[in-house]
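Worksheet: one structure, shown below.
Every number in this text was worked out from the coordinates using simple rules, so none of it is lab data. This is a predicted model, so every value here is computed, not measured. Positions of Cβ are backbone-derived with ideal geometry, glycine not excepted, and every protein chain shown enters the neighbour counts.
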Amino acid sequence: MKIIIESIIAICVIIATSCTPDQYRLNESAEYPIAGLIMSDLDSVMKLKGNEIMLYPGGLTALRSEGMTQLHADISTQIISGEGITMYFRTVSDKMEQKNYIRFNYSTNGCKVFENKDLLVSVDSIKAKIGQLARVQIRNDGVIYTITVDCDTVIRYRTNLPATEYLILSSMKNSKIKISGINFDEEYLFGKMKD
Amino acid sequence: MKKQFVIIAVLISAVISGCTSFSTRVEKDTYTIAKRDTLLIKEQKNMPGMRDNGIIYPSSRAITTSRTLVQKDSVVEREYPDFIRLGIFEAVGTIGSGKDNSAGMGLFGIFPDFENMKTTYRGSTDKKFQGGIYRVGIGEWRLRWFRDAANWTIGTNLIELFMPDARVERNLSSYFPLQIRKRFYLSESVPYVCFTTAFGVGYYPSQYVNLSGSLDFGSIGGLNLRAYLGCAVGVNAKSSYWVRISENNQDGQTVVYPYLGLGISFLDFHNLVPETMKEWSEHKHSSWNIGLVQAGIIAAGIDSSALNEKSKSNFLSGVLIRLANASVALPILNNQFYLGTSLANLVILGRNAWGIGILPFRLGYWQTILSDELSTEPFIEFNYYPSQFFHIGNRFNLRISNFLNLGLIVGYAAGSSVNAFGNDITSQFGLTSKFARPYIGFSLGFGDRIFFPEELYYNKQK
């Protein structure tokens, strides 16, 4: 009898705690683990490995490391097919469409950075290539933010938007993108201070 | 038995004290505002008199630059309901079993035969609702399996009881049974209408499975109506509680309980999945008041107090108690009229002057006197079972919190308590046939939420 009761309780706990298919975690063993939230159809985003995800057409996912707003996001993108990827930061996943944001379009046509709907910069010389791995870094340092692709700086600019914990990734129309080597670290103005 | 009561009490208090953790999901976003400041100090300290300045000679000018970064975090917390269903009490009156031993639990299972409420009662043959199903402490949460298939839930109850008929050894009950449900919505606007299929497993003290389908209507003001069709199959071992308290306690029991029933539930709140994505502050409220218990102590000028038979003072002679109360706003005129009811309504004016009503009809008018704090609710109420009496009154409410209210009540009750109660009740409150009395008193609402005009759904629509 005791075994039956314990088994049923265990089943309840397993079912109740494991069934959040729109959430996933990356970099579990790293200093700053990342919580992922699928904001689009469940099949449009897939976690592949410990720090690797795949965005399918229509995919929209939010990544955050709780409490970390001076965010240095370091990811590698590989466009498998389609046009490219859009990244949002200085925003939050809740009611995102109503919130302010900085948007970075990285595509085969070049790079564009917007603050809300205002175009800040358009760089035609930095283009994504299908199948080629590119390292994208977004650094938030107080009012300053910097976006670099590989060794090229797309923008280094100031903003009045408050820094947030989120990096939101969205695949462009009909695009399939592999995001790997995802790492979040804290950006320090005067270098990283250790205890 | 005493041990079981202690366990149940501990569980209930644990559930109530930890209520927000399983009913509310808190999400937190952090925004950081950074301000940089650079302070530049230039100093030139020229010494008086002549100096022998060579070709290479340091100037007396000193420049000090200091940079500061001030970062302020702004944390936003959002609270969402984190349940599909959360309720206090559900009862179902069933037909389809125990024809020769009908317990007679009445419509919705809440109009029992009070005269025969004892374990030795073996039932009769002339009752329509032969048995009942009862659930206390109902919880259902979203079950996101099968690639997040829609409207699946996993749930449990503090206690679930299947009562096929009056023979107690055939009762099936369990603490925290496992229940899985799938809903098909026919109407997704309040009050919801849906068809629900359910599978449940109970494991202690009875072992059973239950399969059912139901047509659900609600919730509105925490009230729900349901029509059930189902079957529960299970066993009571010889050592189980229900067999031990029965007169027929020689053998274990195998119970097959097919049923067709009508049910009602109180303080039972139902959310669609999209509503769990909406903050609590944005939720619609359709009632002026919902509450667990409203208890009052009253003076009715009766010679003998129902509270203490031996007391020489008869100043406070009785009590008023409403259990699982709901006052649902009527969307007519200024939305301040309401229809109300309670699971049970006790109007005990004094010894030999009392009435008990189940599911009474109440019509009232809700008037806010002071926003957020004071309100008044004149009402007229008809209680038809088991006692028959009219009750008119007015209650002034002072909201202490969302969970607690104080009240001043004045009223008049007149009718007949009807002599259909067992000895347990009549020995406490006395025998009576008719009563008519005014009263005045104080009340305390516990788990009692008063809504104010700006919180009402119908007013938000304007």
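Of the options B:341, B:365, B:283, report the single residue whose Cα projects farthest towards the positive end of the charge dipole of segment B:244-368 (beta-carbon charges: Lys, Arg +1; Asp, Glu -1).
B:365
Counting helices only, and only those DSSP H runs with n ≥ 4, report the 222 nm mean residue ellipticity of the protein assembly as shown as the sum of -39,500 (n - 2.57) divided by its residues, in deg cm²/dmol to the nearest 500. Could you put the intermediate results ahead of the total?
Values: 6 runs with 53 residues, N = 657.
Result for the protein assembly as shown, helices only: -2500 deg cm²/dmol.
Apply the Debye scattering formula to segment B:284-460, with a single equal point scatterer on each alpha-carbon and no solvent, then give log10 I(q)/I(0) at q = 0.13, 0.14, 0.16 Å⁻¹.
Debye intensities relative to I(0), on a log10 scale: -0.62, -0.71, -0.90.
Below 8 Å, C-alpha to C-alpha, sequence gap of six or more: please give me the relative contact order for chain B in percent. Can you show the working numbers first?
Numbers: 1263 pairs, mean separation 48.9, N = 462.
Answer for chain B is 11 percent.
Given that compact globular proteins tend to follow 2.2 N^0.38 Å, what is the ratio of the alpha-carbon Rg of chain B to that value?
On the way: Rg = 31.0 Å, N = 462, 2.2 N^0.38 = 22.6 Å.
Normalised by 2.2 N^0.38 Å, the Cα Rg of chain B equals 1.37.
Test of understanding: what is the full-extension gain from residue B:279 to residue B:107, defined as 0.36 nm times their sequence separation minus their Cα-Cα distance?
58.2 nm
By counting other Cβ atoms within 10 Å of each Cβ, how are B:277, B:105, B:50, A:172 ranked from fewest to most? Please report the intermediate quantities before stating the final value.
Numbers: B:277 14, B:105 27, B:50 6, A:172 22.
So the ranking, lowest neighbour count to highest, is B:50, B:277, A:172, B:105.
If the convex hull of the alpha-carbon atoms of segment A:22-186 is projected onto planes in all directions, what is the mean projected area in square nanometres?
Numbers: hull surface 33.9 nm².
For segment A:22-186, the mean projected area of the Cα convex hull comes to 8.5 nm².
Name the aspartates and glutamates eligible as straight-distance cross-link partners of residue A:127: C-alpha to C-alpha under 13 Å, and not fewer than 8 places from it in the same chain.
Correct list for residue A:127: A:83, A:150, A:152.
Within a 10 angstrom radius of the beta carbon, how do B:341, A:148 rank from fewest other beta carbons to most?
On the way: B:341 22, A:148 17.
Going from least to most buried by this count: A:148, B:341.
Give me A:111, B:231 sorted ascending by neighbouring Cβ count inside 10 Å, so fewest comes first.
Values: A:111 23, B:231 14.
So the residues, fewest neighbours to most, are B:231, A:111.
Take the eigenvalues of the Cα gyration tensor for segment B:81-277, scale each by 5, and report the square roots as semi-axes in whole Å, largest first.
On the way: eigenvalues 183, 66, 34 Å².
Those come to 30, 18, 13 Å.
PRE reach from residue B:339 (point 7 Å along Cα→Cβ): which of segment B:364-400 fall under 14 Å by backbone N?
Correct set: B:364, B:382.
Between residue B:37 and residue B:297, what is the label-to-label distance in nm when each label sits 7 Å out along the Cα-to-Cβ direction?
Taking the two extended label points, one gets 6.0 nm.
Provide, as a two-decimal number, the C-alpha radius of gyration of the protein assembly as shown over 2.2 N^0.38 Å, N being how many residues it has.
1.30
For a Förster distance of 25 Å, can you work out the FRET efficiency between the beta-carbons of residue B:315 and residue B:446, rounded to the nearest 0.05?
Working: r = 24 Å, r/R0 = 0.94.
Efficiency computed from Cβ-Cβ geometry: 0.60.
Once the Cβ-Cβ distance between residue B:195 and residue A:66 is put in as r, and R0 is 60 Å, what FRET efficiency do you end up with, to the nearest 0.05? Could the numbers behind the result be given before it?
Values: r = 41 Å, r/R0 = 0.68.
Approximately 0.90, to the nearest 0.05.
Once you put a point 7 Å from the Cα of residue B:145 and another 7 Å from the Cα of residue B:376, both along the Cβ direction, what distance in nm separates them?
5.7
Label residue B:187 and residue B:436 with points 7 Å out from Cα along Cα→Cβ: what is the distance between them in nm?
4.2
What is the average number of partner chain Cβ atoms found within 10 Å of a Cβ in A:91-101?
Values: counts 2, 6, 2, 7, 3, 0, 0, 0, 1, 0, 0.
Partner-chain Cβ atoms within 10 Å, mean over residues of A:91-101: 2.
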